[in-house]
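Beneath this line is the structure, given in structure tokens, with notes to follow.
The values are calculated or read from the model by the stated rules, or taken from the named source; none is laboratory data. Predicted, not measured: the structure shown is a model, and the values here were computed from it. Using ideal geometry, Cβ is built from the backbone for each residue, glycine included, and neighbour counts are taken over all protein chains shown. Ligands, DNA and RNA are excluded from the accessible area calculation, which covers all protein heavy atoms including side chains. Shrake-Rupley method; radii C 1.70, N 1.55, O 1.52, S 1.80 Å.
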Amino acid sequence: MKTQRALTLVECLMVLLIMALLLLMVMPAMQVPLAQKMIDQEGMRLYQDLRTAQFQVAREGGYAEVRTQPNGYTIRFGDNDRPDQVVQLKSRVYQSGALTFQQEARDSSRSFPSTFTLEYNRQQRYIIVDAVGRIYYRQIYPGR
């Protein structure tokens, strides 16, 4: 009868040690793609929220004001019926100026231009709102 050979404790520990070393070598390389994905998701969320606020003002009238905090932003609508929308982000958010979408007349609206900068782990994304109301999402600084 043949005897079965099993792994010893030392062999199991060596396999675990090799796996841990491989994981330690791979983790720094994975941090950049994870940071890029996270900041892209947060940038797209801010972009979509700005577009939504712009469309609601155009449809319902009034105004919407966007203000940033270091770790998020707030969208405040002109009518008191709608609560403020507060969004927390992992990225740091900077804003060049206060952004307001405003319905002036039935067929015209305006916005005050602003640039939003999202920054996380040396990754940056930019959302630009021009005076006409167009909203752009950029990975590089506008003007470069």
Check: If you look at just the Cα atoms of the range 1-142, how large are its Rg and its Dmax in Å?
Finding: 24.4, 94
Next item on the list: Assuming R0 = 41 Å, can you tell me the calculated FRET efficiency for the pair Gln48 and Leu24, based on Cβ-Cβ distance, to the nearest 0.05?
Entry: 0.65
Next item on the list: May I ask you to derive the FRET efficiency for Ala58 and Val15 from their Cβ-Cβ distance with R0 = 41 Å, giving the value to the nearest 0.05?
Entry: 0.10
Notebook entry, point to check: Using the alpha-carbon atoms, what tilt in degrees (0 to 90, nearest 10) does helix 9-60 show relative to the longest principal axis of the chain?
Noted result: 10 degrees
Check: What net charge do the residues around Ala35 carry, taking every other residue with its C-beta under 13 Å from that of Ala35, with Lys and Arg at +1 and Asp and Glu at -1?
Finding: +2
Item checked: the chain: relative contact order in percent, alpha carbon pairs under 8 Å with at least 6 residues between -> 18 percent
Note to self: Compute a Gaussian network model of the chain, connecting alpha carbons closer than 10 Å, and tell me which residue from Ala20, Ala58, Ala35 fluctuates the most.
What the structure shows: Ala20
Next item on the list: Report the calculated FRET efficiency for Asn121 and Arg67 (r = Cβ-Cβ distance, R0 = 30 Å), to the nearest 0.05.
Entry: 0.80
Notebook entry, point to check: How much area per residue is accessible in the chain when the probe is 1.4 Å and only protein heavy atoms are counted (Å²)?
Noted result: 70 Å²
Notebook entry, point to check: Sorted by packing (mean other beta-carbon atoms within 10 Å per residue), highest first, where do 67-75, 46-54 land?
Noted result: 46-54, 67-75
Margin query: Nothing charged except the Cβ atoms of Lys and Arg (+1) and of Asp and Glu (-1): what's the magnitude of the dipole of the chain about its Cα centre? Round to the nearest 20 debye.
Written below: 560 debye
Margin query: Projecting each Cα onto the charge dipole of the chain (Lys/Arg +1, Asp/Glu -1 at the beta carbon, about the Cα centre), which of Pro113, Tyr63, Met25 comes out farthest on the positive side?
Written below: Met25
Check: Roughly speaking, to the nearest percent, how much of the range 1-67's 1.4 Å accessible area is carbon and sulfur?
Finding: 68 percent
